[in-house]
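What follows is calculated from the coordinates using simple rules that are stated; it is not laboratory data. What you are looking at is a predicted structure, and each value in this text was computed from that prediction instead of being measured. Reconstructed Cβ throughout: ideal geometry from the backbone, glycine too, with neighbour counts over all protein chains shown.
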Amino acid sequence: QVQLVESGGGLVQAGGSLTLSCAASGRTFYAMGWFRQGPGKDREFVGAWSFGSVYYRDSVKGRFTISGDNAKNTVYLQMNSLKPEDTAVYYCAARASGGDSWYRGDEYGYWGQGTQVTVSS
């Protein structure tokens with residue numbers, strides 16, 4: 001059974017940092033990534049990691065860092081300089097193969113349960 005389990009969410013003040021982890025079990029993946037859904041907003045791509053290559057949405061570049069550990073089948077999201085607009089439920093996602101876009105959620109076939117990140121002003 002494939003599972004993605006996120007951890008590390010919480011409450012932080014603006015300007016602070018958090019690190020999210022996503023541990024996968026049941027199989028290995030071509031890529032793992034992060035999406036988020038803020039209150040009243042659509043789900044959006046945050047970033048992805050695939051064999052050492054990383055991809056980010058523009059609004060998090062320079063503040064967020066994605067890294068992965070193939071041996072542990074785990075991906076991390078280090079978030080620095082957090083802003084209130086980063087408040088969202090963050091979801092880990094994984095895909096078994098490449099596709100047309102890193103940004104499209106429907107190209108990721110596996111999802112975690114989500115972890116809440118709240119940034120206070």
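Measuring r between the beta carbons of LYS61 and GLN1 and using R0 = 41 Å, the FRET efficiency lands at 0.70. If the segment from SER120 to TYR30 were pulled out straight at 0.36 nm per residue, it would be longer than the present Cα-Cα gap by 28.9 nm. Normalised by 2.2 N^0.38 Å, with N the number of residues, the alpha-carbon radius of gyration of the range 1-119 equals 0.97. What you get for the chain, charging only the Cβ of Lys and Arg (+1) and of Asp and Glu (-1), is a dipole of about 120 debye around the Cα centre. 3J(HN,Hα) couplings calculated from phi for the range 59-73 with the Karplus curve 6.51 cos²θ - 1.76 cosθ + 1.60 (θ = phi - 60°) are, in sequence order, 5, 10, 4, x, 10, 10, 9, 9, 9, x, 10, 4, 4, 9, 6 Hz; Gly and Pro show x. Applying 0.36 nm per residue to the separation of ASN70 and SER53 and subtracting their alpha-carbon distance, the gain on full extension is 4.9 nm. Label zone (TRP111, point 7 Å along Cα-to-C-beta; backbone nitrogen cut-off 17 Å) within the range 83-105: 88-96, 102-105.
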